[in-house]
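To start, the structure itself, in structure tokens.
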Amino acid sequence: MKIQSLFTKAFWLALACITLVVVTVFKLTPSLAYSTTTPPAQLSTAQAAVAQYDSRLAKAPPYDSRSPEKSLYKRLGGYNAIAAVIDDTAQIVFNDPLIGKYFIGLSTNSKQRLRQLLVDQFTQAAGGPAVYTGRSMKLSHSGIGLTNAEYDAFVNGIAQALDKNGVNQPEKDEVLAFANSFRGEIVER
Ligand code: HEM
């Protein structure tokens, strides 16, 4: 009788342990799977939030590492390739004879912040795994009084950087179309 109750206790203890293991594994598996196969839920939520104030980013395809479609992000060569284009763009526009003056007073960290926001903005727009967290284009440029010629100089800097990094014409056209789409919000006179 005593041995029987001991067996019953052992049985329930074993069952409890198995349940615990099963629950732990099932709880962990989806979050492990996230990082490699499906886009993280947080990223989609953040992208949707940003889309509320920038309709262009709303059109950006959600990042999906398994997508059979070759997104612009993949065709450009991924994050490092986009960062290299933005770094070269920054070098060009910061030293441009027409628009370099707008960046003279920026601290090194302000320049780095601007660079990172551009990387995030272009990466997200191309369908990559970044979220733009800066201000809207209207808000961040309003009051500077930029002209069409100055805007052209900025876009020309992006074009030169794309050439320097050997980006092919179809991808170059797509990036420049995105860059040109801000004109109405940035140019003031
Ligand atoms: C394709 C056109 C352009 C794009 C995509 C662009 C993008 C951006 C972004 C993402 C920011 C950061 C916003 C933030 O601080 O939250 C920014 C800020 C700024 N942009 Fe532009 N921009 C463009 C054209 C221009 C032009 C033509 C000029 C001047 C000639 C200019 C001057 C500035 C300045 C001075 C800031 C503020 C930097 C700071 O507050 O630290 N941008 N721009």
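The values are calculated or read from the model by the stated rules, or taken from the named source; none is laboratory data. Model, not experiment: these values are computed from the prediction. Quick reminder, even Gly has a Cβ in these numbers, built from the backbone with ideal geometry, and neighbours come from all protein chains shown.
See the values below:
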{"read-out": "Check on GLY143, outside any helix (DSSP H, G or I), near the ligand (Cβ under 8 Å from one of its atoms) and modelled with pLDDT of 95 or more", "value": "no"}
{"read-out": "Filter pass, THR8 being modelled with pLDDT of 65 or more, assigned to a helix (DSSP H, G or I) and more than 30 Å from PRO129 (Cβ to Cβ)", "value": "yes"}
{"read-out": "Residue among THR133, THR108, THR89, THR147 that alone is among the β-branched types (Val, Ile, Thr) and surrounded by 18 or more Cβ atoms within 10 Å (Cβ to Cβ)", "value": "THR89"}
{"read-out": "Those residues of segment 85-123 which are more than 11 Å from the ligand (Cβ to nearest atom) and farther than 13 Å from GLY157 by Cα, in sequence order", "value": "THR108, THR123"}
{"read-out": "Helices (runs of 4 or more DSSP H) contained entirely in segment 148-189, each with at least 1 residues that are closer than 15 Å to ILE82 by Cβ", "value": "148-164, 169-180"}
{"read-out": "Any chance LEU176 is within 23 Å of ALA60 (Cα to Cα), in contact (Cβ under 8 Å) with a residue 12 or more places away in the chain, away from the ligand (no atom under 12 Å from the Cβ) and of a type in the set (A, V, I, L, M, F, W, C)", "value": "no"}
{"read-out": "Flag for ALA149 being in contact with a Ser or Thr (Cβ under 9 Å, 6 or more places away or on another chain), at pLDDT 95 or above, assigned by TED's automatic domain parsing to the domain that holds PRO62 and more than 9 Å from the ligand (Cβ to nearest atom)", "value": "no"}
